[in-house]
1. Given the Cα-Cα distance of N37 and E83 and 0.36 nm per residue of separation, how much length would full extension add, in nm?
2. Using 1/(1 + (r/R0)^6) with R0 = 22 angstrom and r between the beta carbons of L48 and L27, what's the FRET efficiency to the nearest 0.05?
Amino acid sequence: PSNSEQIPADFDLVLIPSLLVLHPSALPILFQEELLNKEATEGEAVTLHCKLSKPAQVEWRKGTKVLRPSDKYKIEQEGPFVELTIQDLDLADA
């Protein structure tokens with residue numbers, strides 16, 4: 001046949017199940033070190049810390065209030081390690 005002629009061809013469609021690969025970014029974030037209760041004296045500071053299974057944005061809350069960095073709250077994060085320091089403790093911080 002010449003190049004301009006098309007030859008009919010039969011094709012069998014074969015479905016191959018795909019392989020699901022989970023990338024590390026798709027894995028859930030878990031606590032590797034949970035928050036622990038701390039005791040402290042009024043007027044002092046206390047630091048709470050935890051370790052996550054991988055780095056992730058963390059939001060600290062007290063009830064429904066989101067805590068933001070300020071003179072009262074110091075928030076630090078380095079990779080999966082996260083810390084909240086509460087300055088000048090009072091009973092309302094419990």
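1. 15.2 nm
2. Efficiency computed from Cβ-Cβ geometry: 0.35.
Bear in mind that the values in this text are calculations on the coordinates, not laboratory data. All figures in this text were calculated on a predicted structure; none of them were measured in a lab. Neighbour counts run over all protein chains shown; Cβ positions are idealised from the backbone, glycine included.
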